1. How would segment 31-98 be classified by its alpha-carbon gyration tensor: rounded, prolate or oblate, with rounded meaning a/c under 1.5 and the a/b versus b/c comparison settling the rest?
2. Cross-link partners among aspartates and glutamates for residue 129, C-alpha distance below 19 Å, same-chain residues fewer than 8 apart left out?
3. Need the list of lysines near residue 71 for cross-linking: C-alpha distance under 17 angstrom, and skip anything on the same chain fewer than eight residues off.
4. Please work out whether segment 42-81 counts as rounded, prolate or oblate from its C-alpha gyration tensor, where a ≥ b ≥ c are the square roots of the eigenvalues and a/c under 1.5 means rounded, while otherwise a/b larger than b/c means prolate and anything else oblate?
5. Rank-order 25-35, 86-96 by packing density, defined as the average count of other C-beta atoms within 10 Å over each peptide's residues, highest first.
6. For a quick check: with amide H placed at 1.01 Å from N, whose amide H comes under 5 Å from residue 52's, ignoring anything fewer than 5 positions away on the same chain?
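FYI, it's all coordinate maths here, none of it is from the lab. Since this is a predicted model, take the numbers as computed values, not measurements. Don't worry about glycine lacking a Cβ; one is built from the backbone with ideal geometry, like all the others, and counts go over all protein chains shown.
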Amino acid sequence: ARPGAAAAAAASAKLAGAGEPAVSFRRYAILCSKSGSNLPRVELQEAGPSFSLGLDRVKEPDRDIWKKAIKVPKASKPKKVKNISTVETGKQLGQIHLGKQDFDQIHTVHHGKAKEKKLRADLEIQARKKRKTSASAADA
């Protein structure tokens with residue numbers, strides 16, 4: 001313990017008044033010394049300035065001024081965004097809702113022999129129709 005510790009404690013109690021806590025500012029240096037075990041012996045030594053603060057007197061503020069001073073403006077509520085959630089890592093995930101999809105109307109690249117055969121059959125049918133219409137037009 002330092003030499004003036006008792007005096008500082010008495011001064012902070014005097015500053016604090018009856019039942020009021022004092023605010024103590026202290027600065028310590030950490031000293032690690034050898035001990036009988038693997039862990040070092042840790043000591044705190046006061047270093048630098050130290051002081052205690054306490055209330056001297058209390059005066060209540062004017063009620064109207066106090067209300068204005070502590071008034072917190074109402075925060076505008078953010079609009080809730082639907083179908084978006086936040087994961088623990090902070091990333092936002094969203095869901096997109098689509099209507100029923102008609103896969104015959106969607107143009108996509110399809111690979112495979114079955115699709116190729118179907119396309120060839122469709123082309124042959126279209127070619128026959130063209131031949132029929134051109135033959136009937138030639139007859140007329």
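1. In terms of gyration-tensor shape, oblate.
2. Within reach: 139.
3. none
4. Oblate.
5. The densest-packed peptide leads the list: 25-35, 86-96.
6. For residue 52, the qualifying residues are 25.
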